[in-house]
Structure formats: C-alpha cells, structure tokens
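Nothing in this text is a laboratory measurement; each read-out follows from the coordinates by a stated rule. Because the structure is predicted, anything quoted here is derived from the model rather than measured. Neighbour counts run over all protein chains shown; Cβ positions are idealised from the backbone, glycine included.
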Amino acid sequence: MQQKESLWEKIIRRFYGIDSPLNDYQRKQVNRIGNNAFLISFGYMLVSNIVMAFLATTHPLNVLISFIFINILFTLILTAGYILPATNKLHLNDKEVSPENYPQVLKGIRWWAIKAGIEFGIYMWFVQRGLDWFFDGISFTQGLQSFHSYWTVILAGIIFGLGMYVSKKLRLKKRI
C-alpha cells in the first residue's frame, strides 16, 4: 500500500521537475541540492544586505529598485545556474518510458506543452496590462485595444510552449 504524498512533496517535485513520486535516493539528492542552494543564497543575502544598507544612505529609492531587480536576477541565476544542472546531472528528472508507450507519452507531452503555452500567454497578458497601468498609466481598456500586445503575448506563449515541449522530450528515456 502506497503512502499518500503530502502537499510539500508535490511542491518539491514540481519545483525540481520530477514526474514520479520521490524515492529515498531522489529525496536525499533533492535535500542536498536544496541545502547547497540555501547556503549560497544565505551568503548572498548577508553580503548584499550589508552593502545595500551602506548604499541606502545616499539614494534610498534607487538602491531599493536596484536591490529588488538584483535579487530577482540572482534568484533566476541560482535556479538556472545551479539547481537545474544539478538535477539534470543526477538524472532526477528523467522519465523512463517503454518503447510501446513512447508515442502516447509524446502526445501527452505535446498537449501539456500547448496547455502550458496558453497558460503562460494568459499570465503574461495580465502582467503586461498591470505593468502598462503601473508604469505608463495606460488603462485596462486601452490595453485591450492594443493589438501589438496580443502578438507579443501569442509569440511569448508559443516560445514558452515549444521550450517546455523540448525540455520534457529531452528528459524522456526509452526503456529497453
């Protein structure tokens, strides 16, 4: 009898891109990768907060905006530069498929990628409307009339969907 998976394990699996329930090896490696990433982040936070505290005395608003963008950039670099390669190197997110199920799994990945592209496009459209309103003062109805934003969002959704399809397909491993 299988133990029901907790919400926390589902979140961890989603973050690390693992499709199947975590076994002991995967759990151990995920914990190791997470601990290393935390230690890197903790060191960065200590140093950056001290530097920003000294810089904030002269231009607080500029330092705050810079600090926010640098933190977002650092988080993305940490994720893309350490967590994803470490997960791929240990083959934690590989999905083994039997040769007879391979076409069905590819079809499922195709539909999953289409859905992910549509969801990303819708999300980006709302983010774009919010940013246009916040920074440029463009009302929501004016944003609805902008056809340029529709093309941008459609292109972003297609690129995101293709990227998700390629990444999921590359993780498939045929069982012999």
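Take the eigenvalues of the Cα gyration tensor for segment 1-93, scale each by 5, and report the square roots as semi-axes in whole Å, largest first. Show your work: numbers first, answer last.
On the way: eigenvalues 246, 33, 25 Å².
Each semi-axis is √(5λ); the values are 35, 13, 11 Å.
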Checklist entry - In whole angstrom, and with the biggest value first, how far do the Cα coordinates of the chain range along each principal axis? => result 63, 46, 28
Item to check | Span-like helix ranges in the chain, DSSP H, alpha carbon extent 20 angstrom or more, Kyte mean at least -1.0 | outcome: 24-55, 60-78, 102-131, 147-170
Checklist entry - Between segment 58-81 and segment 84-124, what is the C-alpha centre distance in whole Å? => result 31
Checklist entry - What pairs from Lys10/Lys95; Lys28/Lys89; Lys28/Lys115 go past 25 Å between their alpha carbons? => result Lys28/Lys115
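Report the full-extension gain for the segment Ser66 to Arg175: residue separation times 0.36 nm, less the Cα-Cα distance, to one decimal in nm. Walk me through the numbers on the way to the answer.
Details: separation 109, 0.36 × 109 = 39.24 nm, distance 4.87 nm.
Here the answer is 34.4 nm.
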Next on the checklist: If a paramagnetic tag sat 7 Å from the Cα of Gln3 along the Cα-Cβ line, which residues of segment 21-41 would have the backbone N under 18 Å from that point?
Outcome noted: 21-32
Checklist entry - If we count other beta carbons within 10 Å of each Cβ, what is the order of Thr79, Thr141, fewest first? => result Thr141, Thr79
Checklist entry - For Phe74, Phe42, what's the fewest-to-most ordering of other Cβ within 10 Å of each Cβ? => result Phe42, Phe74
Checklist entry - Computed from the mean reciprocal separation of all distinct C-alpha pairs, what Kirkwood hydrodynamic radius does segment 95-176 have, in Å? => result 14.4
Next on the checklist: 5 Å is the cut-off here: which amide hydrogens, built 1.01 Å from N in the peptide plane, fall below it relative to Leu172, excluding neighbours closer than 5 in sequence?
Outcome noted: Lys95
Checklist entry - Measuring from label point to label point, each 7 Å out along Cα→Cβ, what is the Phe54 to Glu96 span in nm? => result 5.4
Item to check | Within straight-line cross-link reach of Lys168, aspartates and glutamates at Cα separation under 13 Å, skipping those fewer than 8 residues along the same chain | outcome: Asp19, Asp94, Glu96
Checklist outcome for this item: In deg cm²/dmol, rounded to the nearest 500, the helical mean residue ellipticity at 222 nm of the chain, built from -39500 (n - 2.57) for every DSSP H run of length 4 or more, is -24000 deg cm²/dmol
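Using Cβ contacts closer than 10 Å as the measure, can you line up His91, His148 from fewest to most? Could the numbers behind the result be given before it?
Values: His91 12, His148 7.
Fewest to most other Cβ atoms nearby, the residues stand as His148, His91.
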Next on the checklist: Could you compute how fast segment 55-126 diffuses translationally, taking Rh as the Kirkwood radius over C-alpha pairs and applying Stokes-Einstein at 4 °C with viscosity 1.567 mPa s? Give it in µm² per second.
Outcome noted: 79
Next on the checklist: Starting from the 7 Å offset along Cα-to-Cβ, what nm value, one decimal, do you get for the label separation of Leu76 and Leu46?
Outcome noted: 2.8
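Between Phe135 and Val166, how high is the FRET efficiency from 1/(1 + (r/R0)^6) when r is the Cβ-Cβ distance and R₀ = 30 Å? Nearest 0.05.
On the way: r = 33 Å, r/R0 = 1.09.
Rounded to the nearest 0.05, the efficiency is 0.35.
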